[in-house]
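Step one of this worksheet: look at the structure below.
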Protein chains: 2
Amino acid sequence: MSTEKKPILYSYFRSSASWRVRIALNWKGIDYEYKAIDLLKNENNTEEYLKVNPTQKVPAFITKDSKLLSQSEAIIEYLDEAYPDRPLIPGCPYKRALVREISQIIACDIHPIQNLGVLKRIAGDDMEKRTAWANESIRLGFKGLENRLEHTSGAYSVGDSITMADIFVCAMVGNAKRWGVEMSSFPIITKINEVCSKLPAFANAIPDKQPDCSK
Amino acid sequence: MSTEKKPILYSYFRSSASWRVRIALNWKGIDYEYKAIDLLKNENNTEEYLKVNPTQKVPAFITKDSKLLSQSEAIIEYLDEAYPDRPLIPGCPYKRALVREISQIIACDIHPIQNLGVLKRIAGDDMEKRTAWANESIRLGFKGLENRLEHTSGAYSVGDSITMADIFVCAMVGNAKRWGVEMSSFPIITKINEVCSKLPAFANAIPDKQPDCSK
């Protein structure tokens, strides 16, 4: 009998960063325990969760040997090294750098300025103001991303293989749709999302399919 | 006679993300050409710069074989692979993940919401409002970062060797000081910054030492 523990993902169904890690875990076929943290109920700000993740963010990942990692890209790169089948980071150094670049255009330039914490500080509970800010932030960011993908993409974000970059693109398009971003100016982003969304690893990671989804 | 070209860094002296890459280039002893892009004069929004970097951000790095990379962390990871002496990413997979995690806590959670583009959108030219927003953003982020460093740090951010994470910490402390963040609640961050700032690679990368610094 195996006594090996499953890794644990602390996730919120709607969190785009948690979504990315869910796709990677599915892609690799890694069995894991899902623990829901309700950001709307501030469950991330409890003493209990502080002990799990000192930065009090989701996602947090507990490896099967009980070590903590946070930050979606760091977790996915770790998974790619620890579970090398179905690689998400290419072998070629320049392509690997491009995959990180595309991922970080989203993770550093687009996603952070439209996440829940920032929207609360900017707009409080004013949903119209939240939507206007988030929509504009994503639109501005997608302009640069689309321009860059013109140079890096083939069938997918970087060349013709699925990589970590596609994970970041798809989870970000999820947010874009939620905030009503008109996608017709972004044909490459749209195409990548359409192709990847049909794959089971991506399809099963969407917010609606998570145990804590409150439909 | 060598015909090898120098790599090029498109940088703005005050840009924290450019600053990170300057430290890494200095640390590795890589000779490079510095090209200044004045963000206050919107030099990043010209047609000419669009051809250099389709996302119109700094830093942009042109490798010695003329390939573009943007995003500071992607550039530094590329440099660490292309110039392996004086490594900035550790060999141990979990430590490597921690270095990425600490870097991304800064690059994804703290830095983006206080950068120039966001401050302009939130506060226009109102310097008091800019300062209040930037100060609060960094303070909130440093709380989580300090908590996490309690678990990961030794003499430096991750264990007892200098890594990419220290580069991100020092450039962020630079911004924190600029926006008047009271640092006494963050003793580990303060200590790492004090120790690293004295090293030539870090000391020569500060905004004041760059050719485009307008003192």
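Pairs of alpha carbons in chain B separated by more than 28 Å make up 27% of all such pairs.
Each copy carries a label point for A:K67 at 7 Å from Cα toward Cβ; from one copy, the others' points are 2.9 nm away, ordered from shortest. For A:E150, inter-copy separations between label points set 7 Å beyond Cα along the Cβ vector come to 4.9 nm, shortest first. Rounded to the nearest 500, the helix-only mean residue ellipticity at 222 nm of chain A stands at -15000 deg cm²/dmol, with each DSSP H run of n ≥ 4 adding -39,500 (n - 2.57). Label-to-label distances for B:I30 across copies, nearest first, come out at 2.9 nm, using points 7 Å from Cα in the beta-carbon direction. Measuring from the axis that maps chain B onto chain A, the chain B residue with the nearest beta carbon and its rounded distance in angstrom come out as B:P112, 2.
Please report A:C170, A:C196, A:C92 as a ranked list, fewest other C-beta atoms within 10 angstrom at the top and most at the bottom. Walk me through the numbers on the way to the answer.
Details: A:C170 26, A:C196 20, A:C92 11.
With the sparsest Cβ surroundings first, the list reads A:C92, A:C196, A:C170.
Just so you know, the Rg over Rh for region B:93-201 is 0.99, from Cα atoms, with Rh as the Kirkwood radius.
From least to most packed, judged by other beta carbons within 10 angstrom and beginning with the fewest, B:L116, A:L68 follow the order B:L116, A:L68.
Take each residue of peptide B:89-96, count the partner chain Cβ atoms within 10 Å of its Cβ, and average: the result is 2.
In plain terms, the bigger the Kirkwood radius, the slower the diffusion; for the protein assembly as shown, with that radius from Cα pairs, at 20 °C and 1.002 mPa s, Stokes-Einstein puts D at 98 µm²/s.
Look at the stretch B:98-107: the mean tally of other chain Cβ atoms within 10 Å of its residues' Cβ atoms is 6. Ordering A:12-18, B:41-47 by mean Cβ neighbour count within 10 Å, with the highest value first, yields A:12-18, B:41-47.
All of the numbers you see were taken from the coordinates with simple rules; none came from a lab. Since the model is a prediction, treat every value here as computed from it, not as a measurement. Every residue, glycine as well, gets a Cβ built from its backbone with ideal geometry; the counts of neighbours run over all protein chains shown.
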